[in-house]
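A.B. asks: Below you will find the structure I want to go over with you.
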Amino acid sequence: PIRGKEIPKGGGKTRLLGIPTAIDRMLQQAVTRVVMMHYETNFSTYSYGFRPTRNTQQAVGKALSYINSDYQHIVEIDLKEFFDRVDHTLLLQLLYRKIKCKHTMCLIRRWLRAPLLKDGKLHKRRIGVPQGSPISPLLSNIVLHELDLKMEQLGLRFVRYADDFSIYCKTKAEARKAGNTIYVFLRDKLKLPINRDKSGIRRPVNFQILGFAFVPIYKKGIKGKYQLIVAEKRWKSFKAKLKEVTRKTTPMSFDERIQKLLEIQRGWINNFKYANILTKLEKLDGWLRNRLRYCIWHHWKKPERKRKNLIRLGVDLDHAYAWSRSRMGGWAIAQSPILGTTITIERLQKRGYIALSDMYYQL
C-alpha cells in the first residue's frame with residue numbers, strides 16, 4: 001500500500017499525497033528513467049512540465065511571445081482534480097503502445113492499483129495517479145500528450161505545464177470554438193472533467209500562468225504589448241515565508257535565520273527573475289532589514305544588555321541608557337533611527353545578509 005498524507009494548498013484546501021515505500025520509490029525512479037527514453041523525444045515542443053531541460057520560465061516566455069504576437073484571447077481550462085481522475089484503463093492502453101516489457105507493465109499496474117493507507121484504513125483505488133510518487137509526473141504527461149497531439153492537429157497555439165494549459169487565439173470566436181472542441185475531447189476521449197468556475201476566455205490582464213501575470217507596457221510608440229509581473233498571491237506567500245523566518249519567537253540563531261532567508265530568497269528570485277520585480281524587491285528590502293533588527297533587539301532582552309550593546313555600536317551613554325529603557329514596542333524601535341544607524345546594512349552584510357535586490361542582480 002501507499003501512505004496517504006494531506007498537505008495544505010491555497011484557499012484552505014488540502015492535497016492528498018500518496019507516498020510509496022522506500023523500495024517502491026527506488027524502483028519507480030529506475031522505471032521512470034527507462035520509460036522516459038521511449039517518450040521524451042515524442043513529447044510536444046509546447047509541453048514544459050516535468051521534463052529534462054524544460055522549466056517554468058520557458059513556458060511563461062512562450063505564453064508572453066504568443067500574447068505579444070497578438071494572440072490575446074486566451075482559453076484557460078482548469079482540469080478538475082486531474083491526478084485523482086486519471087483513468088487507469090486509458091493510461092495502460094497508452095503505455096502498451098510503446099512498452100513491450102511485461103515485467104515493467106506489471107510493476108506500473110501494481111503501483112497504479114496499490115491501495116491507499118489513510119487514517120489506519122486501506123482504500124481501494126481504481127482511478128487516479130498518486131501525487132508524491134516518482135513515476136506520477138511521467139504518467140500524467142503520457143495521458144496529456146494525447147491532448148497535445150489533438151491541439152497540434154487543430155493548429156492551435158498552446159502552452160502546457162503538467163495539467164496547467166492555455167490556448168492562445170486572435171479572436172474571441174476562435175477562442176470559443178477551440179475551447180468547446182477541447183472540452184469535448186477531454187470529456188469523451190480522456191474522461192477528464194473540467195472545473196467550469198476556473199475555466200473561460202481571458203484577456204491578458206485577467207490571465208495568470210504559473211504565478212506570473214501580464215500588464216500592458218506604457219511606453220511611447222509601443223501599443224498592444226505586455227510585460228511579465230508576479231501575481232499578487234505569490235508576493236504575499238513570499239512575504240509570509242520571510243516573515244515566518246524573521247519572527248522573533250521562531251527558535252533560530254541569527255546565523256540560522258540568515259541561511260534560511262538566503263535559501264528562500266534564492267529559490268523565489270530564480271523562479272521569477274524574468275518578471276518586472278526589482279522595484280518591489282527594493283521596497284521589501286527595507287522591511288526585511290527592520291525585521292532582522294527587531295530579532296536582534298529581542299535577542300538582547302534585558303535593558304542592561306541593550307545598553308551595553310548600543311554603546312558597543314557607537315551610541316553615546318545617555319542615548320544608550322534612554323533607548324534601553326524605552327517603553328516603545330520592539331517593532332517601533334526596529335524602525336527607528338537608533339537601530340537603523342547602528343545595525344547598518346554593512347553590519348548585517350558582515351553576518352551574511354544579502355539584500356533581495358542585490359541577489360536579483362547576482363542571479
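A.B. asks: Which residues, counting only those in the range 318-345, are without any contact (Cβ under 8 Å) to a residue 12 or more places away in the chain and basic (Lys, Arg)?
C.D. replies: Of everything in the range 318-345, just one residue is without any contact (Cβ under 8 Å) to a residue 12 or more places away in the chain and basic (Lys, Arg), namely 327.
A.B. asks: Return the residues of the range 306-322 that are touching a Ser or Thr at 6+ places or on another chain (Cβ under 8 Å) and assigned to a helix (DSSP H, G or I); say none if nothing qualifies.
C.D. replies: Residues satisfying the conditions are 306, 307, 310.
A.B. asks: Among the numbered criteria (1) surrounded by 10 or more Cβ atoms within 10 Å (Cβ to Cβ); (2) within 25 Å of the chain's Cα centre (by Cα); (3) more than 24 Å from residue 147 (Cβ to Cβ); (4) at pLDDT below 85, which one does residue 15 miss?
C.D. replies: The one condition residue 15 does not meet is (3).
A.B. asks: Can you tell me which residue in the range 45-84 is nearest to the chain's Cα centre (by Cα), limited to those that are closer than 16 Å to residue 157 by Cα, polar (S, T, N, Q) and surrounded by 18 or more Cβ atoms within 10 Å (Cβ to Cβ)?
C.D. replies: Only one residue fits best here, namely 47.
A.B. asks: Cβ-Cβ distance below 6 Å, separation of 6 or more or different chains: which pairs start in the range 17-30 with a residue that is among the polar types (S, T, N, Q) and end on one that is crowded, with 17+ Cβ neighbours inside 10 Å?
C.D. replies: 28/133; 28/134; 28/135; 29/134
A.B. asks: Has the range 216-223 got any residue that is among the small types (Gly, Ala, Ser) and surrounded by 14 or more Cβ atoms within 10 Å (Cβ to Cβ)?
C.D. replies: No, the range 216-223 contains no residue that is among the small types (Gly, Ala, Ser) and surrounded by 14 or more Cβ atoms within 10 Å (Cβ to Cβ).
A.B. asks: A further question follows. Does residue 142 fit the bill of being in contact (Cβ under 8 Å) with a residue 40 or more places away in the chain, touching a Phe, Trp or Tyr at 6+ places or on another chain (Cβ under 6 Å) and either crowded, with 20+ Cβ neighbours inside 10 Å or of a type in the set (Val, Ile, Thr) (or both)?
C.D. replies: Considered against the rule, which asks whether it is in contact (Cβ under 8 Å) with a residue 40 or more places away in the chain, touching a Phe, Trp or Tyr at 6+ places or on another chain (Cβ under 6 Å) and either crowded, with 20+ Cβ neighbours inside 10 Å or of a type in the set (Val, Ile, Thr) (or both), residue 142 comes out as no.
A.B. asks: Here is a further query. Select the helices (runs of 4 or more DSSP H) contained entirely in the range 163-277, then report the ones holding at least 2 residues which are assigned by TED's automatic domain parsing to the domain that holds residue 288 and over 22 Å from the mean Cα position of the chain (by Cα).
C.D. replies: Filter on the range 163-277 gives 254-272.
The values are calculated or read from the model by the stated rules, or taken from the named source; none is laboratory data. None of these values were measured; they are calculated from a predicted model. Counting neighbours? That spans all protein chains shown, and the Cβs are built from the backbone with ideal geometry, glycine included.
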